[in-house]
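The values are calculated or read from the model by the stated rules, or taken from the named source; none is laboratory data. Since the model is a prediction, treat every value here as computed from it, not as a measurement. Positions of Cβ are generated from backbone atoms using ideal geometry, with glycine treated the same way; all protein chains shown enter the neighbour counts.
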Amino acid sequence: MSDSQSKRGAWNSKLGFVLAASGSAIGLGNIVFFTSNAYQYGGGAFYLPYFIALFTLGIPVMILELGLGTMTGRSFPNALRRVAGRRAELLGWWAVASQFIITAYYIVIISWALAMMVGSLGSLFQPGATAPFEPFQEPTAGPSAVTFFFGLVSTWWPLLALGTVWLINAYALRGGTRTIEAMVRVFVPLMWLFMIGLIVRGLTLDGGLDGVLYLFTPAPEGIASAEVWRGAFAQMFFSLSLGLGVLTTYASYLPKKSDQVANALTISFLNCGFEFIAGVAIFSLLFVFALNPAGTTLSLSFFVVPQGIAAFPWGVRFFGFLFFLLVTTAGLTSSVSLIEGMVSAVIDKFGVTRSRALALVAVPCAILSSAFVMPHIVDPAMNGNGTLGLTLLDLVDHWVFSYALITVGLVETLILAWVLGADQVRTAINAHSKIPLGGWYEYLIRFGAPALLGVILVWSLAGEFTGPFLYGDDTTPASINWLVVFIPVACLAGTVVVATVLTLARGKVEKAGTGGMKTGAAIGVLALLAAGSAFLPGKAQAQEVPGIPGTLRVGEAVELTIPEGSTLIVTYRPNSSIARSDSLAIGPDGAVTWTPEQAGVVALAVDAGPVRNVSVRFAGVPWLGVLVLLGAGSILFGGAAFGLRRMLKGDDHAFLLDT
Ligand code: TRP
């Protein structure tokens, strides 16, 4: 191992690297975003395009990002500079600047999951009494995660969770690869274990398999929709942690002779395998219990899943805690990679010590994070985002996340394929790969991948100009409506300025080293405080909601008795990407009979509160769904197992000596 390499950091073993990289890929995207995207785009309509995206875009670009890391031994901006000069470095710093914004709100979502996790032990699952701090919504009968969540975000309590999450990150990053590896060796296996616990529970519930088949049965009308393809490709890119150079940074800590084709395959299969079982676990819950498809991206994980868990026959608190613990751990191993990408870029360019780089990155980023927990209520009806923090998060997420990743991915692919040269890239990667890339790979990165990314980009942009004036214009309250324009402009201008300054700054090289931080005790104290806060008393229960018994088959009728004069809102999610809703007015006797006509997911809601326990079964067994389920499962897990086995067969720890 060369001297400079050991100072930058180096993975102790191949397994350590694969755990870290798959920990980066497996994150909120796999649980929170995947399921809500799949649901929004109509389950079965989503999965096939998503699977195709893995092979046509995900794996090829991952090979590039990993290859760039081992070819140069540098983190993203410096790596780009090494292969293609200063202008390429600018792209690298723009990625880092965007990453800064993404990290700030990504960590906020982890903090909410942490707060919900603590809340699971406290008042989250107490019937009726669900808003822990200052409830402003009338709680419905039974535990309501919606009430709890909005009760939570309209106080400053999440700031405490946010501080805790930042400290955990700083703690994991204090020693670079050494401490990251120590963290992922514990967290990543645990994550899988938690997920398997949930899946077993979900599938053993009556009707659970129906939801799963809904996810895997291809829906022709949905697949014909170009919007579904755009969503699936964008989701794949995010899920694999591509487009910000994070994997380049992680790969730069590997020996030069690492096999990046094998690594890319193993990491992708592990990530998508995890996403596969997350989909199975969550879709099994969806069909059994609560269904309320309205709302934002977060609502599925933060409202619907807890709602489903609340209706478990036993172990409600345990499974609630487990679910949010899973989201938190998965999020943490990703946020660590996001921060490491920035820290490593600063160390490589400016030669400062790790502790200084960490402070330079984490302190301002933590301050920016706190903007997204601002509890000021902007929409008392809580129809849209409700609080200032949520509104900001929604706007920033829309602009930075969708555009930064795809833009960086596009330009990075162009730089590597055209400036450095696709043939050069292929030769460099094949030099250490047991599965050589054929000539097709050059065409793929020269034309295929850029075309795909370009289409997604142009399309997303075109979408901004149809519908409301700008994203969020129709949902953001008038008093802060200027944010709709301000956020995209500020994000673009801010990231471009920061990137330019950092590119032009002259790097100086000092001795690098690792610094320590004594944060363990502080984390303990904060965690205890956070735990204590969950036991604050909740508000008393207000009102009964009529339940609906059992599971419903197509053609079966449901009979409800609900308050006179209210309206029953029925949202159909047939097996396509289009939702349809009907409103049934309730007669004077308060009774209504309704017969579903179509197979698919159906949500029933009364304007007086949600009605749980309804789902509609498919007529007959969707064999195609079973086929996709088994086929995708065996490809993903077969691939992951094969990759891991080959990796572990070699003497894992002799790995450092090879270099
Ligand atoms: N892949 C992560 C997830 O699924 C998110 C993530 C981590 C990420 N690091 C990234 C996304 C780098 C893009 C770039 O949650």
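A few remarks follow.
- Within the range 196-234, the only residue that satisfies the criterion of being polar (S, T, N, Q) and within 24 Å of F318 (Cα to Cα) is T204.
- Across the range 18-33, the number of residues qualifying as more than 9 Å from the ligand (Cβ to nearest atom) and either aliphatic (A, V, I, L, M) or closer than 16 Å to L300 by Cβ (or both) comes to 4.
- Exclusive hit being buried (at least 20 other Cβ atoms within 10 Å of the Cβ), farther than 28 Å from Y253 by Cα, modelled with pLDDT of 90 or more and of a type in the set (G, A, S), set A145, A161, A219, A170: A161
- L285 passes every criterion in (1) in a helix (DSSP H, G or I); (2) modelled with pLDDT under 90; (3) surrounded by fewer than 24 Cβ atoms within 10 Å (Cβ to Cβ) apart from (3).
- The one condition from (1) part of a helix (DSSP H, G or I); (2) crowded, with 24+ Cβ neighbours inside 10 Å that G42 does not meet is (1).
- Flag if V425 is in contact with a Pro (Cβ under 6 Å, 6 or more places away or on another chain) and of a type in the set (A, V, I, L, M): no
- When residues of the range 113-138 are limited to those that are of a type in the set (G, A, S) and over 15 Å from W157 (Cα atoms), the one modelled with the lowest pLDDT: A129
- Taken together, the residues in the range 50-59 that are away from the ligand (no atom under 16 Å from the Cβ) and either among the hydroxyl-bearing types (S, T, Y) or crowded, with 23+ Cβ neighbours inside 10 Å (or both) amount to 1.
- Selection status of S402, within 16 Å of the ligand (Cβ to nearest atom) and assigned to a helix (DSSP H, G or I): yes
A quick yes/no check of all residues on (1) within 14 Å of the ligand (Cβ to nearest atom); (2) in a helix (DSSP H, G or I):
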position: V305; (1), (2): no, yes
position: I309; (1), (2): no, yes
position: F324; (1), (2): no, yes
position: T329; (1), (2): yes, yes
position: V336; (1), (2): yes, yes
position: G341; (1), (2): yes, yes
position: V352; (1), (2): no, no
position: A359; (1), (2): no, yes
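- Candidate set from the range 228-244 (those that are more than 8 Å from the ligand (Cβ to nearest atom) and not aliphatic (A, V, I, L, M)); member that is nearest to L338 (Cα to Cα): Q235
- Selection of the range 457-505 for residues being of a type in the set (D, E) and more than 16 Å from S402 (Cα to Cα) yields D473, D474.
- Candidate set from the range 242-267 (those that are over 17 Å from H432 (Cα atoms) and in contact with a Leu (Cβ under 6 Å, 6 or more places away or on another chain)); member that is surrounded by the most Cβ atoms within 10 Å (Cβ to Cβ): L247
- Taken over the range 97-108, the criterion of being β-branched (V, I, T), surrounded by 24 or more Cβ atoms within 10 Å (Cβ to Cβ) and within 12 Å of the ligand (Cβ to nearest atom) is satisfied by T103, I107.
- Subset of the range 245-267 (residues that are within 16 Å of the ligand (Cβ to nearest atom) and assigned to a loop (DSSP other than H, G, I, E, B)): G245, S252, Y253
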